[in-house]
Amino acid sequence: MSAMHDALTQYVALRRALGTQLQEPARTLIHFVEFLGREGAEFITSELALRWAMEPKLVQRATWARRLGMVRRFASWLSTIDPRTEVPPRRLLAARRRRNKPHIFTEQEIVRLMDEAAQLISPTGLRAMTYATLIGLLSATGLRPGEALALDTGDVDLQSGILAIRESKFGKSRFVPVEDSTRAALARYAKQRDELCSRRATEAFLVSDRGGRLHACAARRTFAKMSCAIGLRAPTGSRRTGRGPRLQDFRHSFATRRLIEWYRAGLDVGRELPKLATYLGHVDVGHTYWYIEAVPELLQLATERLGGRQPGGEQ
């Protein structure tokens with residue numbers, strides 16, 4: 001194993017000892033170290049880091065910036081050991097901060113995605129059940145995908161229907177109540193999971209066919225393929241699965257449906273919004289207001305309310 005591989009192993013171990021999971025960066029940086037090996041490089045330079053970060057084609061600039069950011073943090077640590085290391089400047093590949101337009105799933109699309117998930121093939125059949133449960137859970141609760149994948153069995157109270165979300169985004173924790181139908185679906189999954197995979201090396205609630213925790217990158221890739229299969233994404237003709245709905249859009253869809261229901265019911269959305277912000281785990285209610293601006297139907301309903309009209313009514 002090369003000195004750079006040894007350094008990466010030490011870096012990952014240190015970050016994890018400090019409480020960072022570092023799952024995706026650890027796997028991604030292995031590819032960077034392999035790239036350095038192919039280039040015959042003994043130390044990191046900004047030019048090599050930039051060239052590697054921009055290798056993927058047909059991706060957004062933010063993807064390049066994220067890859068470079070992983071290298072920058074590794075290089076910053078490594079520079080304290082090897083002074084030859086160049087730390088790429090922060091604005092060398094700055095991402096253009098722009099939120100993607102959310103895809104609001106229809107009930108029919110959610111059903112089709114769950115049906116497609118149920119067709120996923122694996123030796124035990126657990127893969128199909130896990131992905132169908134993941135989609136159903138995200139749709140019913142509005143959890144961030146990472147929050148759903150981070151759930152341990154002890155975080156899911158199948159008796160009272162309460163999910164414990166621990167130290168999620170911005171280090172916040174919260175309890176999320178679920179509908180009884182969702183609780184029952186989670187209980188069925190847990191029973192089937194335990195029957196198919198009684199010996200697991202993880203406490204994760206959602207597990208892969210091999211019995212390990214479902215990784216975010218695998219979940220995104222599988223979801224993209226399912227979206228292509230039902231026509232929600234258009235293949236680009238390359239190995240990629242095109243652009244289109246993401247797992248994160250289930251969260252947007254959940255929030256949007258709730259806001260539309262409140263507007264149509266004549267509720268004071270301004271007073272109700274902080275409740276939704278708390279449920280979603282937003283640190284600032286302004287983040288929740290974004291849905292009103294991003295979804296045309298919500299913006300129209302809000303405009304009608306401000307104009308003194310009952311939503312959906314005539315002037």
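Pick from Thr130, Thr85: which is β-branched (Val, Ile, Thr), within 20 Å of the chain's Cα centre (by Cα) and modelled with pLDDT of 90 or more?
Numbers: Thr85 fails: within 20 Å of the chain's Cα centre (by Cα).
Among Thr130, Thr85, only Thr130 is β-branched (Val, Ile, Thr), within 20 Å of the chain's Cα centre (by Cα) and modelled with pLDDT of 90 or more.
Is one or more of the residues making up region 138-146 exposed (fewer than 13 other Cβ atoms within 10 Å of the Cβ), not small (Gly, Ala, Ser) and not in a helix (DSSP H, G or I)? Talk me through it step by step, then tell me what you get.
From region 138-146, those exposed (fewer than 13 other Cβ atoms within 10 Å of the Cβ) are none; that's our starting set.
The answer is no, given that none of the residues of region 138-146 is exposed (fewer than 13 other Cβ atoms within 10 Å of the Cβ), not small (Gly, Ala, Ser) and not in a helix (DSSP H, G or I).
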- Task: For Ser122, state whether it is in contact (Cβ under 8 Å) with a residue 12 or more places away in the chain, in a loop (DSSP other than H, G, I, E, B) and open to solvent by less than 30 Å² (accessible area, probe 1.4 Å).
- Result: yes
- Would you mind stating whether Arg193 is surrounded by 17 or more Cβ atoms within 10 Å (Cβ to Cβ), part of a helix (DSSP H, G or I), in contact (Cβ under 8 Å) with a residue 40 or more places away in the chain and not hydroxyl-bearing (Ser, Thr, Tyr)? yes
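With a cut-off of at least 1 residues that are closer than 23 Å to Pro177 by Cβ and modelled with pLDDT under 90, name the helices (runs of 4 or more DSSP H) lying wholly within region 202-285.
Working: elements: 216-229, 249-264, 269-280.
So the answer is 249-264, 269-280.
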- Note on the structure: Restricting region 7-25 to residues that are touching a Leu at 6+ places or on another chain (Cβ under 8 Å) and more than 13 Å from Met70 (Cα to Cα), the one surrounded by the most Cβ atoms within 10 Å (Cβ to Cβ) turns out to be Ala7
- Mind telling me which of the residues Arg91, Arg73, Arg112 ends up being over 20 Å from the mean Cα position of the chain (by Cα) and modelled with pLDDT of 95 or more? Arg112
- Task: Kindly establish whether Thr124 is among the β-branched types (Val, Ile, Thr) and either in contact with a strand residue (DSSP E or B) (Cβ under 8 Å, 6 or more places away or on another chain) or at pLDDT 95 or above (or both).
- Result: no
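State all residues of region 49-60 that are in a helix (DSSP H, G or I) and either open to solvent by less than 20 Å² (accessible area, probe 1.4 Å) or over 16 Å from Glu86 (Cα atoms) (or both); if no residue qualifies, say none.
In the first step, residues of region 49-60 are kept if they are in a helix (DSSP H, G or I); the result is 49-53.
Selection gives Ala49, Trp52, Ala53.
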- Note on the structure: Among residues of region 147-190 being among the hydroxyl-bearing types (Ser, Thr, Tyr) and surrounded by fewer than 13 Cβ atoms within 10 Å (Cβ to Cβ), the residue modelled with the lowest pLDDT is Ser173
- Query: Are any of the residues in region 167-186 farther than 23 Å from Ala277 by Cβ, within 22 Å of the chain's Cα centre (by Cα) and of a type outside the set (Lys, Arg)?
  - Reply: yes
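Given the criterion of a type in the set (S, T, N, Q), part of a helix (DSSP H, G or I) and open to solvent by less than 30 Å² (accessible area, probe 1.4 Å), identify the matching residue among Thr28, Thr63. Quick ask: steps written out before the conclusion?
Numbers: Thr63 fails: open to solvent by less than 30 Å² (accessible area, probe 1.4 Å).
The unique qualifying residue is Thr28.
The values are calculated or read from the model by the stated rules, or taken from the named source; none is laboratory data. This one's a predicted model, so the numbers in the text were calculated from it and none came from an experiment. A quick note on method: Cβ atoms are made from the backbone with ideal geometry, for glycine too, and the neighbour counts reach across all protein chains shown. What goes into the accessible areas is simple: the full protein's heavy atoms, side chains included, and nothing from ligands, DNA or RNA. Shrake-Rupley method; radii C 1.70, N 1.55, O 1.52, S 1.80 Å.
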